[in-house]
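> For reference, the structure I am asking about is given below.
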Amino acid sequence: MLGQLASIRRSTVATTGAALFVAIFVTGAVAPLVIPASVVRDVAFGARLLPPSARHWFGTDDFGRDLFSLVMLAANLDLRVALSVVLGALLVGTVLGAVAGLVNRLDEPIMRATDVFLSIPSLVLAMAIASVLGRSVQNLAIALVFVSWPIYCRLMRGQVLSEKQKPYVKSLRTLGVGPARMIFLHVVPNTLFPVIARAPADVGLILITMAALSYIGFGPGPYVPEWGSLVAAGQTYIFQAPWLVVFPGVAIFLTSLSLNLVGDWARDVFDPRLRS
Amino acid sequence: MGLLSYVARRLALLGLVLLGVSMVVFFVLRGMPGVDPLAAYIAPGLPMSADALASLRRQLHLDEPLPLQYVYYVANLLKGDWGYSRTAAQPVLDALLARLPATVELAVAAVLLSTALGIPAGIVAALRKDRAADVAVRVVSITGISFPVFWLGIILQLVFFYYMGQLGLPTLPSRGRIGDTIALIDPITPMTGLYLVDSLLTGKLAFFGSALRHLVLPSFALSLISLAAVVRIMRASMLEVLRQDYILLARSKGLPTRTIVMRHALRNAITPVLTTAGTTLGILLGGAVVVETVFSWPGMGNLAAQGILNNDSILVVGFTLFVATMMVVVNLVVDLLYAVVDPRVRY
């Protein structure tokens, strides 16, 4: 395992991705502490739609607010949602998948439910759920967890099933290791890594999906900075003030690019077929 | 196993999957904790007396136990009664079907674009594994999936409509399916509802040209969603096939690489790309919601996005059911076609 982790150093691309992500993550964490909340609330109609300058690096929006501050603040919400959605989906998916792989009686029902969920395009299902729950960022996050767990469930079940066949499980059983101890101390830790390897790329995917859903109308409104909503708000002035669309979009792109670079490396390292 | 029994088994499976899909959609509509399902049927802010609400609840069978409600729900779906959309001011199913051709035209164009670009790119990447061309293809495809498509769409409008126009260069339309003038002075009689097909059938070349130009930017933006997936699957599958013994045999016979790849390897390597076409279509129909909104494309996705803004969840949920059904059916058709072509998959 250590040897595998060390291979991140071999891949400069992945390292760049990781560094970029850490930088964006720190920005998101620090932004609300550094940037005063008044930047979001205070409207200055005299300073509407100013182009990027030394004073306003990213220009100002249609309320005369500093776009740089808004984009930095938005990193907080976007990353928080994307990370917690993937964490939630990982938790639900791996638990259900492990149960399906270990308890024969529950295997069929869980896996058929998984199949049904996977047969509905996730963005479209998330739309329906968030629309019934009511438009808010929290409901959007719930909807995204709802549509993201099945892939982890399927992966985890496959891992557990193949792990159960391995000789070491049989030897441990002969040594008198009980089922609970076997599952939690031996089988599950060995199966988790390939499942978790998916997570970075999925955080990127959820980030883009969330921004897209927010763009089409699930966004939190003008007083809560969020990248997708910023793009939507800027679109009205696209020919007049293109920076309103360009900067929040670049922020989404760089974040998801950093996650995909790390994800690509993680997949190569943990994909058993490529490991041989 | 014979082809017929394979088809029968797949049809039975289709029924089961659709049953499951309808259950999930029903659960979303009626089973969400803390949500009164009646709310979906009432325009927000519309004053209604308690009596009127109670009678509407009875009329919609919302006072019955959930399993019974589900039976009513499925019975209505099968009758074609998918509820009424406030946004479209018409029944949900009619509203979706009216906008289906626009979405199909866009999605098919995007599928064609992403396969036309993705298959050659995947083959080149596999043949030049770990060399410059492979790395370039991988970089481009990772960059491609990292782009938020709605944003890219707006940037495409900015460049190809606005900036090109400022420079006096030929521009591409940024909104809608057809030029306003041509739609007024020389309209076509709708047959399939697909503008490109209808205009060709009636010989209206100017209309065809306008429709084609309107299709360029949205279909390119949409194709990026699936392009990376096509490249990745094609590359992996080609690498797999090139390791097979029969390729080694072809090599030792002294056949040129070109012949080996095009005549021997490609046929087998392309299977995974084709069999994932159904899933790809599903992803594209999800992306269509966003792309249609950016480009004011009058399709189902654009309507669903308007439904979201109107809190019209009957419409949004109906759209979800429609798209899921389409995806399941397309998956079946692809698999059946494949079973006809390749006897090995019948098992």
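The values are calculated or read from the model by the stated rules, or taken from the named source; none is laboratory data. As the structure is a computational prediction, the values presented were derived from the model and not from experiment. Every residue, glycine as well, gets a Cβ built from its backbone with ideal geometry; the counts of neighbours run over all protein chains shown.
> Looking at (1) within 14 Å of chain A (Cβ to nearest Cβ); (2) small (Gly, Ala, Ser); (3) without any contact (Cβ under 8 Å) to a residue 12 or more places away in the chain, which one does residue B:55 not meet, given that it meets all the others?
Going through (1) within 14 Å of chain A (Cβ to nearest Cβ); (2) small (Gly, Ala, Ser); (3) without any contact (Cβ under 8 Å) to a residue 12 or more places away in the chain one by one, residue B:55 breaks only (1).
> Sticking with this one: Please find, within the stretch B:34-52, the residue that is nearest to the other protein chains (Cβ to nearest Cβ) out of those that are small (Gly, Ala, Ser) and either surrounded by 10 or more Cβ atoms within 10 Å (Cβ to Cβ) or in contact with a Phe, Trp or Tyr (Cβ under 9 Å, 6 or more places away or on another chain) (or both).
B:40
> Among B:316, B:334, B:323, B:291, which is surrounded by fewer than 22 Cβ atoms within 10 Å (Cβ to Cβ) and either among the hydrophobic types (A, V, I, L, M, F, W, C) or assigned to a helix (DSSP H, G or I) (or both)?
Answer to the check: B:334.
> Which residues, counting only those in the stretch A:134-149, are away from every other protein chain (no Cβ under 11 Å) and either more than 14 Å from the chain's Cα centre (by Cα) or among the charged types (D, E, K, R) (or both)?
Within the stretch A:134-149, A:136, A:137, A:138 meet the criteria.
> Follow-up question, since we're still on this one. Specify which of the listed residues (A:228, A:219, A:234, A:176) is out of contact with any Gly (no Cβ under 7 Å at 6 or more places or on another chain) and either among the polar types (S, T, N, Q) or within 30 Å of residue A:48 (Cβ to Cβ) (or both).
A:234
> Regarding residue A:82, is this residue modelled with pLDDT of 95 or more, buried (at least 21 other Cβ atoms within 10 Å of the Cβ) and over 25 Å from residue A:232 (Cβ atoms)? Spell out how you get there, then give the answer.
Numbers: modelled with pLDDT of 95 or more: yes; buried (at least 21 other Cβ atoms within 10 Å of the Cβ): yes; over 25 Å from residue A:232 (Cβ atoms): no.
It is false that residue A:82 is modelled with pLDDT of 95 or more, buried (at least 21 other Cβ atoms within 10 Å of the Cβ) and over 25 Å from residue A:232 (Cβ atoms).
> On to the next question. Which of the helices (runs of 4 or more DSSP H) found entirely inside the stretch B:1-102 contain at least 1 residues meeting this: over 20 Å from residue A:125 (Cβ atoms) and in contact with a His (Cβ under 9 Å, 6 or more places away or on another chain)?
Counting at least 1 such residues, we get B:66-79.
> Shifting gears a bit: Name the residues in the stretch A:126-185 that are under 30 Å from residue B:27 (Cβ atoms) and of a type in the set (D, E, K, R), would you?
A:135, A:154, A:157
> Out of the stretch B:282-314, which residues are more than 9 Å from chain A (Cβ to nearest Cβ) and of a type in the set (A, V, I, L, M, F, W, C)?
B:288, B:291, B:295, B:297, B:300, B:303, B:314
> Picking from B:71, B:124, B:137, B:35, which residue would you name as being among the β-branched types (Val, Ile, Thr), out of contact with any Lys or Arg (no Cβ under 8 Å at 6 or more places or on another chain), at pLDDT below 90 and farther than 30 Å from residue B:176 by Cα?
Of the residues listed, the single one that is among the β-branched types (Val, Ile, Thr), out of contact with any Lys or Arg (no Cβ under 8 Å at 6 or more places or on another chain), at pLDDT below 90 and farther than 30 Å from residue B:176 by Cα is B:35.
> I've got another one for you. Since residue A:199 meets every condition but one in (1) away from chain B (no Cβ under 14 Å); (2) surrounded by fewer than 22 Cβ atoms within 10 Å (Cβ to Cβ); (3) at pLDDT below 90, which condition does it not meet?
Among (1) away from chain B (no Cβ under 14 Å); (2) surrounded by fewer than 22 Cβ atoms within 10 Å (Cβ to Cβ); (3) at pLDDT below 90, the lone unmet condition for residue A:199 is (3).
> Here is a further query. For residue B:80, state whether it is at positive phi and modelled with pLDDT under 95.
On the way: at positive phi: yes; modelled with pLDDT under 95: yes.
Yes; evaluated as a whole, the condition is true for this residue.
> Any residue at all in the stretch A:182-191 that is crowded, with 17+ Cβ neighbours inside 10 Å, within 18 Å of the chain's Cα centre (by Cα) and either assigned to a helix (DSSP H, G or I) or at pLDDT below 90 (or both)?
no
> Looking at the stretch B:134-157, I want the residues that are facing another protein chain (nearest Cβ under 9 Å) and have a partner that is surrounded by 21 or more Cβ atoms within 10 Å (Cβ to Cβ) and of a type in the set (Ser, Thr, Tyr) with Cβ atoms under 6 Å, at least 6 apart or on another chain. Which pairs are those?
Every condition considered, the pairs that remain are B:146/A:256; B:150/A:215; B:157/B:174.
> Restricting to the stretch A:153-197, give me the number of residues that are closer than 24 Å to residue A:267 by Cβ and small (Gly, Ala, Ser).
Counting residues in the stretch A:153-197 that are closer than 24 Å to residue A:267 by Cβ and small (Gly, Ala, Ser) gives 3.
> Moving to a separate point now. What residue, of B:316, B:241, is under 15 Å from residue A:121 (Cβ atoms) and without any contact (Cβ under 8 Å) to a residue 40 or more places away in the chain?
The conditions single out B:316.
> Now for a different question. Looking at (1) over 24 Å from the mean Cα position of the chain (by Cα); (2) part of a loop (DSSP other than H, G, I, E, B); (3) surrounded by 16 or more Cβ atoms within 10 Å (Cβ to Cβ), which is the only condition residue B:182 fails?
(2)
> Kindly indicate whether residue B:340 is out of contact with any Asp or Glu (no Cβ under 8 Å at 6 or more places or on another chain) and surrounded by fewer than 18 Cβ atoms within 10 Å (Cβ to Cβ).
Considered against the rule, which asks whether it is out of contact with any Asp or Glu (no Cβ under 8 Å at 6 or more places or on another chain) and surrounded by fewer than 18 Cβ atoms within 10 Å (Cβ to Cβ), residue B:340 comes out as yes.
> If you don't mind, another one. For residue A:99, state whether it is under 17 Å from residue B:31 (Cα atoms) and more than 9 Å from chain B (Cβ to nearest Cβ).
When the stated conditions are applied, residue A:99 does not pass them.
> Scan the stretch B:1-29 and report the pairs whose first residue is surrounded by 16 or more Cβ atoms within 10 Å (Cβ to Cβ) and whose second residue is not in a helix (DSSP H, G or I), with Cβ atoms within less than 7 Å and a gap of 6+ or a chain change.
If the second residue must be not in a helix (DSSP H, G or I), the pairs left are B:17/A:119; B:21/A:119; B:21/A:120; B:24/A:120.
> Mind checking whether some residue in the stretch B:251-267 is of a type outside the set (Lys, Arg), assigned to a helix (DSSP H, G or I) and within 14 Å of another protein chain (Cβ to nearest Cβ)?
No, the stretch B:251-267 contains no residue that is of a type outside the set (Lys, Arg), assigned to a helix (DSSP H, G or I) and within 14 Å of another protein chain (Cβ to nearest Cβ).
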